1. Considering only V76, V64, V37, give the residue with the highest GNM mean-square fluctuation for the chain, with springs between Cα atoms whenever their separation is below 10 Å.
2. How charged is the neighbourhood of M41? Take every other residue with its Cβ under 15 Å from the Cβ of M41, and add Lys/Arg as +1 and Asp/Glu as -1.
3. Given only helices, namely DSSP H runs of n ≥ 4 each adding -39500 (n - 2.57), what is the per-residue ellipticity at 222 nm of the chain, to the nearest 500 deg cm²/dmol?
4. Which of G35, N83, G19 sits closest to the plus end of the dipole of the chain, meaning its Cα is farthest towards the positive end, when Lys and Arg get +1 and Asp and Glu get -1 on the C-beta?
5. In square angstrom, what is the accessible area per residue of the chain with a 1.4 angstrom probe?
6. Using the crude model of +1 on Lys and Arg Cβ and -1 on Asp and Glu Cβ, and no other charge, please compute the dipole size for the chain relative to its Cα centre, in debye to 20.
7. At a Förster radius of 41 Å, what calculated FRET efficiency corresponds to the Cβ-Cβ distance of E43 and Q21, to the nearest 0.05?
8. Over the chain, consider all pairs of different Cα atoms and compute the Kirkwood hydrodynamic radius from their mean reciprocal separation; express it in Å, one decimal.
Amino acid sequence: MSSGKTSSKPKSQEQIVSGFQELQQQQRAMASRLGEVEMDMKEHDLVIETLKEVEPARRCYRMVGGVLVERTVGEVLPTLVNNKDQV
């Protein structure tokens with residue numbers, strides 16, 4: 001049975017610093033991604049609240065895969081709510 005300890009050499013100071021810098025970079029990337037997701041959530045909330053006050057038959061435009069498509073508010077609103085829940 002293994003005692004859980006490894007018999008590897010201790011890490012040099014350069015390896016420790018390098019590992020720490022890599023962890024810092026990962027942390028920055030995660031924080032950046034979190035900021036993007038929070039911004040997406042706020043945008044979804046703003047659009048959903050705005051569209052709730054509009055009649056469902058009214059025309060609106062939505063960007064789908066880089067293409068602007070025309071839909072009605074009644075078609076777009078449920079999709080937006082679903083997308084927000086998935087984010």
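The values are calculated or read from the model by the stated rules, or taken from the named source; none is laboratory data. Please read these numbers as outputs of a predicted model, since none were measured by experiment. Cβ placement follows ideal geometry from the backbone for every residue including glycine, while neighbour counts extend to all protein chains displayed. Quick note on the areas: whole protein, heavy atoms, side chains included, nothing else; ligands and nucleic acids left out. Shrake-Rupley method; radii C 1.70, N 1.55, O 1.52, S 1.80 Å.
1. Maximum fluctuation in the GNM of the chain, among the listed residues, is at V64.
2. Values: positive: R33, K42, K84; negative: E36, E38, D40, E43, D45, E49, D85.
Combined, the nearby Lys, Arg, Asp and Glu give -4.
3. On the way: 2 runs with 54 residues, N = 87.
Calculated from helices alone, the mean residue ellipticity at 222 nm is -22000 deg cm²/dmol.
4. G19
5. Details: 7670 Å² over 87 residues.
Accessible surface, normalised per residue, equals 88 Å².
6. Numbers: 12 positive and 13 negative charges, 99 e Å.
Dipole magnitude for the chain comes out near 480 debye.
7. Values: r = 33 Å, r/R0 = 0.81.
FRET efficiency, E43 to Q21: 0.80.
8. Working: mean 1/r = 0.0579 Å⁻¹.
Result for the chain, one decimal place: 17.3 Å.
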